[in-house]
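Engineer: Next up is a structure, given as structure tokens.
The values are calculated or read from the model by the stated rules, or taken from the named source; none is laboratory data. What you see is a predicted model; the values in this text were computed from it and never measured. Note that we place each Cβ from the backbone using ideal geometry, even for glycine, and neighbour counts take in every protein chain shown. What goes into the accessible areas is simple: the full protein's heavy atoms, side chains included, and nothing from ligands, DNA or RNA. Shrake-Rupley method; radii C 1.70, N 1.55, O 1.52, S 1.80 Å.
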Amino acid sequence: MERGDRLSTGHRADGGADRRLNPAPGRWRALALICIGVIGVMTTWFSATAIVPELVLAWSLSPAQAAWLTNAVQIGFVIGAVGSSLINLPDIVRMHVLMAVAALVAALANGWLLTGPGFAGALAARLVTGMALAAVYPPALKLMATWFVAGRGLALGFLIGALTLGSSVPHLFRALTAGVAWEAVVIASSGAALLGAGLIALTVREGPHAFGRATFDPRQSLAVLRNRPVALANLGYFGHMWELYAMWAWFLAFATAASEGLARVPFGSASMMTFVVVAGGVVGCIAGGVLSDRFGRCRTTAGMMICSGLAALCIGFAFDGPPWVLALVALVWGITVIGDSAQFSAAVTELADPRFVGTALALQLGIGFALTVVAIWALPLFAAWIGGWQWAFLMLVPGPVVGAAAMLTLRARPEAARMAGGRR
């Protein structure tokens, strides 16, 4: 049995119980601190997306330019994640140091929007923001895993819930500051990111279940891609990502279009509706963690993707109301579209070479976010081609279909027993 197998199953070669399964003292405090820090930093992700209507007017942007303000963050994240995986950065630099510095950079780059840089400058600022976030999100996943072996799925569910909440908060900022200049959203999100950077730097440390520190070896990125179980988990993640960020990026446009034909907009406004739907994913992330640790990673992820795919298929029927039906379908989608996300990362921490877990996570995220660039770019074009937003989300349905099939295939393989304590 390989060393990685012993660490995954939680038993020593002599048959004794592995001390790694003993709960780490202070693990829940560490979880809370990491999550709060991530919430603050991730408010910079959609800070420009939440104020796109105002920026279109202020900077005379075309619809294509407005879309690239969101996509630039995704591209920056891909560059940062893939680049860091090629040099094994998440496995070489201490995670809390890397995260704190990157969070500071994200706050400064986001604040650059306040200078009125125009489209080119804003695009560069969003690109740098995405690159910085790539040095926060993947290391945070690995850092959380050093505090949890048993219950890792739930812990990572909380972490992705924190990412979800942070990503939704700019829409809340915009809803609460309706009628106030758009700069208020940028100031609030940059301030939150600075607080997150300080919290991470001063209070967050690696847990006792360390994966080990790697040396620079770019061949490990290729080794990760050749690992068949990891490849299936990644394929599941890629299908999930095809749906997730395009839905998050364009739900405000969908809600705005739907509100024009409704007597009453669910939750009061399109911005508030978008916040509630995206933030509702926190419930899904926690539920996904509980279900995954109890029933298995593969069952949970496949089930979530089936539900989210059905919601994407059905939400067009609720476009014209009644409002409560639209709200219900949207909430179900918001909960299930992200509820499985953490479990793909948990699967990688259990299936990959323990020395290069950070590299494997960064590579998974980098490729997954590259797909989101295509989906975010294509969705408004598809909406224009079919004549509006009502049926636009049908374009996303193939993602969860492919992802669910990949995870059910992984479930049938013997390596699946290494996940979630043998639960598939």
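Engineer: Suppose the filter is touching a His at 6+ places or on another chain (Cβ under 7 Å), touching a residue at least 40 places away in the same chain (Cβ under 8 Å) and more than 16 Å from residue 394 (Cα to Cα); does residue 275 pass it?
Structural biologist: So residue 275 fits the description; yes.
Engineer: Here is a further query. From the list 131, 144, pick out the single residue that is at pLDDT 90 or above and either under 21 Å from the mean Cα position of the chain (by Cα) or of a type in the set (S, T, N, Q) (or both).
Structural biologist: 131
Engineer: Sticking with this structure for a sec: Which one is nearest to residue 336 (Cα to Cα) among residues in segment 172-186 that are in contact with a Leu (Cβ under 7 Å, 6 or more places away or on another chain) and assigned to a helix (DSSP H, G or I)?
Structural biologist: 186
Engineer: Moving on. Can you tell which of 321, 303, 368 is at pLDDT 90 or above and not aliphatic (A, V, I, L, M)?
Structural biologist: It is 303.
Engineer: Out of everything in segment 294-332 that is surrounded by fewer than 20 Cβ atoms within 10 Å (Cβ to Cβ), closer than 28 Å to residue 350 by Cβ and of a type in the set (D, E, K, R), what residue ends up being nearest to the chain's Cα centre (by Cα)?
Structural biologist: Out of the qualifying residues, it is 299.
Engineer: Mind telling me which of the residues 363, 328, 381 ends up being of a type in the set (A, V, I, L, M), in a helix (DSSP H, G or I) and either touching a Ser or Thr at 6+ places or on another chain (Cβ under 9 Å) or in contact (Cβ under 8 Å) with a residue 12 or more places away in the chain (or both)?
Structural biologist: The unique qualifying residue is 363.
Engineer: So which of 99, 144 ends up being in contact (Cβ under 8 Å) with a residue 60 or more places away in the chain, within 17 Å of residue 198 (Cα to Cα) and open to solvent by less than 10 Å² (accessible area, probe 1.4 Å)?
Structural biologist: 99
Engineer: Let me ask something else. Of these, 109, 120, 64, which one is closer than 23 Å to residue 249 by Cα, part of a helix (DSSP H, G or I) and open to solvent by less than 20 Å² (accessible area, probe 1.4 Å)?
Structural biologist: Testing whether each residue is closer than 23 Å to residue 249 by Cα, part of a helix (DSSP H, G or I) and open to solvent by less than 20 Å² (accessible area, probe 1.4 Å) leaves just 109.
Engineer: I'm told residue 256 meets every condition in (1) open to solvent by less than 40 Å² (accessible area, probe 1.4 Å); (2) β-branched (Val, Ile, Thr); (3) at pLDDT 85 or above except one. Can you identify the failing condition by its number?
Structural biologist: Exception for residue 256: condition (1).
Engineer: What's the number of the only condition in (1) open to solvent by less than 40 Å² (accessible area, probe 1.4 Å); (2) over 18 Å from residue 183 (Cβ atoms); (3) at pLDDT below 85 that residue 86 fails to meet?
Structural biologist: Here residue 86 meets the rest and fails (1).
Engineer: Report whether or not residue 169 is open to solvent by 10 Å² or more (accessible area, probe 1.4 Å), in contact (Cβ under 8 Å) with a residue 24 or more places away in the chain and not hydroxyl-bearing (Ser, Thr, Tyr).
Structural biologist: So residue 169 fits the description; yes.
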